[in-house]
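Some notes on the structure that comes next.
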Amino acid sequence: MSGIEREGTGMAGSTQVVVNGVARDVAPEPDRSLLFALREELGLTGAKPGCGEGVCGACTVLLDGAPVRACQARVSEAVGHAVTTIEGLASDGHPHPVQRAFLEVNALQCGYCTAGMIMSSVALLEQAPDPSDAQIRTALEGNVCRCGTYPRILRAVRRAAELARDPGGRGIWPAPGSATTSTSCPTA
Ligand code: FES
Ligand code: FES
């Protein structure tokens, strides 16, 4: 795992997983859910516990770039692979284009499903940079929004595709490295 930062105690018998580019120690109980390890041991609470049965998508994270339900994945399945959570999407303090698009379109109500929606969308856009509406619906069909914000989520993914193609973008949120970077609230 050269080139990967390390963080933790290196405690004897611990299990190591690479999360957001950093090798982290978790307790040596490989059958625990990845969601539990992320939230309870590593303090990464972006992935949300929902159904606990793999059907709502609130807990979605990426494993080597592919969306997985962290409530169903075991810690042992993550060993040797790259785990990405919502906390790892921003770079240099700038939100990922999908995060920017969700904010711009206001594609959330309570926000409980949002991290999972964003992670599934990130995976989709990696595979299909200019997805059709049908592709977006298929990619997100395992992510449930109880607030019914699906139309705005669809718009946000379309917008994210635009922003990803044009990172210098016309988005409300400043693009990484933009000379016009501002910290003012976009809705102010
Ligand atoms: S909590 Fe994991 S899919 Fe619902
Ligand atoms: S915004 Fe409330 S569940 Fe989706």
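Where a number appears in this text, it was derived from the coordinates with a stated rule and is not lab data. The model shown is predicted, which means the values in this text are computed figures rather than measured ones. For neighbour counting, all protein chains shown are included, and Cβ atoms are generated from backbone atoms with ideal geometry for every residue, glycine included.
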FRET efficiency, D92 to D166 (Cβ-Cβ, R0 30 Å, nearest 0.05): 0.95
Förster radius 22 Å - calculated FRET efficiency between A23 and R74, Cβ distance, rounded to 0.05: 0.75
Long-range HN-HN contacts of T60 with modeled amide H, under 5 Å: K48, A70, G116
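Please compute the Kirkwood hydrodynamic radius over the range 97-165, one decimal place, Å, based on all pairs of different Cα atoms.
11.5
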Pairwise centroid distance, computed over Cα atoms, of the range 61-108 with the range 20-54, Å: 13
Nearest-0.05 FRET efficiency for N106 and A66, computed from C-beta distance (R0 25 Å): 0.35
Positive-end extreme of charge dipole, the range 97-165 - chosen from Q99, Y112, T138 (charges on Cβ): Y112
Value of D in µm² per second that Stokes-Einstein yields for the range 33-101, Kirkwood Rh from Cα pairs, at 20 °C (1.002 mPa s): 174
Assigned charges on the beta-carbon of Lys, Arg, Asp, Glu; the range 5-88 dipole about Cα centre (debye): 140
